[in-house]
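Working notes, structure below.
The values are calculated or read from the model by the stated rules, or taken from the named source; none is laboratory data. Given the structure is predicted, the values throughout are model-derived calculations rather than measurements. Every residue, glycine as well, gets a Cβ built from its backbone with ideal geometry; the counts of neighbours run over all protein chains shown. Remember, those area values only see protein heavy atoms, side chains included, never the ligands or the DNA or RNA. Shrake-Rupley method; radii C 1.70, N 1.55, O 1.52, S 1.80 Å.
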Amino acid sequence: MKYSEEPSIGKDCELVNVELGMWTEVGEKNWLQNTELGDWSYTGQMCIVQNTVIGKFSNIAAMVRLGPTDHPMERPTMHHFTYRCRAFGLSDTDDEEFFAKRVSRKTFIGHDTWLGHGVIVMPEVTIGVGAVIGSGALVTKDIGDYEVAVGIPAKTVKRRFPDDIAKRLKATAWWDWDYETIKDRLDDFRLPVEEFLEKYG
């Protein structure tokens, strides 16, 4: 497969109020709503992403669910007839205040992250830069930069790098380098992280 600076969108996708960066890819059968997908990031097949800001170079595997919307648990019923009133012929208007609240509950996925197959990240959760979330995890709380988290609920089990290395790597902000710089330094991205940081951090 040859990638392009223009976003690539797979078959049978629905995108509503979505901003796609350069070199991005949306896998087949995705549904994205109120979402930003940063440069070089991609989603695998059958992902559902709502109300989420995704950084650059994020690697999102198949069947990931980001920012799942909730039901009004404080009401007498949680059923959507109370906010999708028009669909049931109950009112001429829907509950726009409820929908606005849903949209405001943003999920944030940092740069250079990897979310494994079937991960779920709840609303208002932040996944830090360089973090890894293991397959099948349910993330209900923030995960820090360069942490590796697994399980239900997800818990940090280790760090990708020691703190000093992680801070130096984050400080390079290499994800903001332009295409030509990345191309020129491609071989350096294959080095051990310490050697990369000798040059750039």
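The C-beta contact set for the range 54-83 (first residue over 23 Å from Val125 (Cα atoms) and open to solvent by 40 Å² or more (accessible area, probe 1.4 Å), second residue of a type outside the set (Phe, Trp, Tyr) and in a loop (DSSP other than H, G, I, E, B), distance under 8 angstrom, 6+ apart or interchain) comprises His79/His71; His80/His71; Phe81/Leu90.
Is it fair to say Ile48 is modelled with pLDDT of 95 or more, of a type outside the set (Lys, Arg) and open to solvent by less than 50 Å² (accessible area, probe 1.4 Å)? Answer is no for this residue.
The one condition from (1) acidic (Asp, Glu); (2) crowded, with 17+ Cβ neighbours inside 10 Å; (3) closer than 27 Å to Asp94 by Cβ that Glu25 does not meet is (3). Within the range 186-198, the set of residues being among the charged types (D, E, K, R) and within 15 Å of Ala166 (Cα to Cα) comprises Glu194, Glu195, Glu198. Scanning the range 80-99 for residues that are among the β-branched types (Val, Ile, Thr) and over 15 Å from Asp70 (Cα atoms) yields a single hit, Thr93. Is it the case that some residue within the range 88-101 is among the β-branched types (Val, Ile, Thr) and either touching a Lys or Arg at 6+ places or on another chain (Cβ under 6 Å) or closer than 29 Å to Ala61 by Cβ (or both)? No, there is no match, as no residue in the range 88-101 is among the β-branched types (Val, Ile, Thr) and either touching a Lys or Arg at 6+ places or on another chain (Cβ under 6 Å) or closer than 29 Å to Ala61 by Cβ (or both).
Checking the stated criteria, Arg159 turns out to be in contact with an Asp or Glu (Cβ under 6 Å, 6 or more places away or on another chain) and not polar (S, T, N, Q). Of the residues making up the range 1-20, those that are surrounded by fewer than 15 Cβ atoms within 10 Å (Cβ to Cβ) and of a type in the set (Ser, Thr, Tyr) number 2. Got a sec? Which of Val121, Val129 is aliphatic (A, V, I, L, M), in contact with a helix residue (DSSP H, G or I) (Cβ under 6 Å, 6 or more places away or on another chain) and buried (at least 17 other Cβ atoms within 10 Å of the Cβ)? Of the residues listed, the single one that is aliphatic (A, V, I, L, M), in contact with a helix residue (DSSP H, G or I) (Cβ under 6 Å, 6 or more places away or on another chain) and buried (at least 17 other Cβ atoms within 10 Å of the Cβ) is Val129. Contact map, the range 92-117: residues that are over 16 Å from Leu138 (Cα atoms) and of a type in the set (Gly, Ala, Ser) paired with residues that are in a strand (DSSP E or B) and open to solvent by less than 60 Å² (accessible area, probe 1.4 Å), Cβ distance under 8 Å, separation 6+ or inter-chain. Pairs shown: Ser104/Asn51; Gly110/Thr126; Gly110/Ile127. Do you know which residues across the range 86-104 are open to solvent by 60 Å² or more (accessible area, probe 1.4 Å) and of a type in the set (D, E, K, R)? Listed by number, the residues that qualify are Arg86, Asp92, Glu96, Glu97, Lys101. Tally the residues that are surrounded by 14 or more Cβ atoms within 10 Å (Cβ to Cβ) and among the aliphatic types (A, V, I, L, M), restricting the search to the range 145-192. Residues that pass the stated criteria total 8. How do the pairs read when you match residues in the range 121-145 that are among the charged types (D, E, K, R) with residues anywhere that are in a loop (DSSP other than H, G, I, E, B) and open to solvent by 10 Å² or more (accessible area, probe 1.4 Å), using Cβ under 8 Å and keeping only pairs 6 or more apart or on different chains? These pairs meet every condition: Glu124/Arg105; Glu124/Lys106; Lys141/Pro153; Lys141/Ala154; Asp145/Gly110; Asp145/Val129.
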